[in-house]
Amino acid sequence: MQATWERGVRVALPVAIALGQPLMFREWRPHARMARGLWNIPYPAEGAEVLPTVVLAPLVGFDKDCFRLGYGGGFFDRTLARIPTKPLAIGVGYADALIATIFPQTYDIPMDWIVTEATPPLRRGAAEP
């Protein structure tokens with residue numbers, strides 16, 4: 001994050017306010033004072049809420065249509081649904097997490113890209129190889 005920040009890119013971290021609620025994002029800077037949120041996940045303790053233009057979302061599973069399985073809270077789907085201008089959504093995980101389908105529900109929002117240690121990344125709407 002520091003190397004990205006040093007190149008002039010604003011970096012924000014998600015803040016989980018409560019179960020069943022969307023995430024908010026606070027700008028991160030080197031040496032920022034951190035607080036602990038749900039599940040003891042650190043986030044910047046101070047600063048205004050920012051709206052991201054790119055969101056990196058962890059995944060434990062994904063399908064060829066770029067739907068992701070997260071950690072079960074629905075945080076990223078709720079968050080992406082509420083952001084006025086949808087950010088570029090990138091799911092990040094391991095190639096072995098590819099499954100036939102996640103059986104997406106009406107509230108599931110697909111990622112624009114899925115990035116793993118394998119190449120090339122999977123892009124939503126791209127033709128299969």
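The values are calculated or read from the model by the stated rules, or taken from the named source; none is laboratory data. Remember, it's a predicted structure, so these values are computed and weren't measured experimentally. Counting neighbours? That spans all protein chains shown, and the Cβs are built from the backbone with ideal geometry, glycine included. Each accessible area value is taken on the protein alone, full model and side chains, heavy atoms only, with ligands, DNA and RNA left out. Shrake-Rupley method; radii C 1.70, N 1.55, O 1.52, S 1.80 Å.
Quick one: PRO44 ticks every box in (1) under 29 Å from ALA3 (Cβ atoms); (2) in contact with a Gly (Cβ under 8 Å, 6 or more places away or on another chain); (3) at pLDDT 95 or above except a single one, so which number is it?
(2)
Taking the residues in region 1-48 that are open to solvent by less than 70 Å² (accessible area, probe 1.4 Å) and more than 19 Å from the chain's Cα centre (by Cα) as candidates, determine which candidate is nearest to GLY72 (Cα to Cα).
So, considering only residues that are open to solvent by less than 70 Å² (accessible area, probe 1.4 Å) and more than 19 Å from the chain's Cα centre (by Cα), the one nearest to GLY72 (Cα to Cα) is ALA35.
Hey, could you check region 67-95 for residues that are part of a strand (DSSP E or B) and hydrophobic (A, V, I, L, M, F, W, C) and say which is nearest to GLY20 (Cα to Cα)?
Looking only at region 67-95, we keep the residues that are part of a strand (DSSP E or B), and these are 68-69, 88-92.
Restricting the remaining residues to those that are hydrophobic (A, V, I, L, M, F, W, C) gives 69, 88-90, 92.
Numbers: LEU69: 16, LEU88: 22, ALA89: 20, ILE90: 21, VAL92: 22 Å.
By that ranking, first place goes to LEU69.
Quick check on LYS64: is it part of a loop (DSSP other than H, G, I, E, B) and closer than 18 Å to VAL115 by Cα?
Working: part of a loop (DSSP other than H, G, I, E, B): yes; closer than 18 Å to VAL115 by Cα: yes.
Yes, satisfied.
Yes/no per residue for (1) open to solvent by 30 Å² or more (accessible area, probe 1.4 Å); (2) at pLDDT 90 or above; (3) within 24 Å of ARG7 (Cβ to Cβ); (4) in contact with a Cys (Cβ under 6 Å, 6 or more places away or on another chain):
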{"position": "VAL50", "(1), (2), (3), (4)": "no, yes, yes, no"}
{"position": "THR53", "(1), (2), (3), (4)": "yes, yes, yes, no"}
{"position": "LEU59", "(1), (2), (3), (4)": "no, yes, no, no"}
{"position": "ARG78", "(1), (2), (3), (4)": "yes, yes, no, no"}
{"position": "ASP96", "(1), (2), (3), (4)": "yes, yes, no, no"}
{"position": "TRP113", "(1), (2), (3), (4)": "yes, yes, yes, no"}
{"position": "ALA118", "(1), (2), (3), (4)": "yes, yes, no, no"}
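Run down PRO22, PRO44, PRO52 and say which single residue is within 23 Å of LEU88 (Cα to Cα) and in contact (Cβ under 8 Å) with a residue 60 or more places away in the chain.
Working: PRO44 fails: in contact (Cβ under 8 Å) with a residue 60 or more places away in the chain; PRO52 fails: in contact (Cβ under 8 Å) with a residue 60 or more places away in the chain.
Only one candidate passes the filter, namely PRO22.
Step by step: first the residues of region 98-111, then only those that are of a type in the set (A, V, I, L, M, F, W, C) and under 12 Å from CYS66 (Cβ atoms), then the one that is least open to solvent (accessible area, probe 1.4 Å). Which residue is that?
Within region 98-111, the first condition is being of a type in the set (A, V, I, L, M, F, W, C), and the residues that meet it are 98-100, 102-103, 109, 111.
With under 12 Å from CYS66 (Cβ atoms) added as a condition, the list becomes 98, 102, 109, 111.
Numbers: LEU98: 94, ILE102: 19, ILE109: 36, MET111: 2 Å².
Among residues in region 98-111 that are of a type in the set (A, V, I, L, M, F, W, C) and under 12 Å from CYS66 (Cβ atoms), the one least open to solvent (accessible area, probe 1.4 Å) is MET111.
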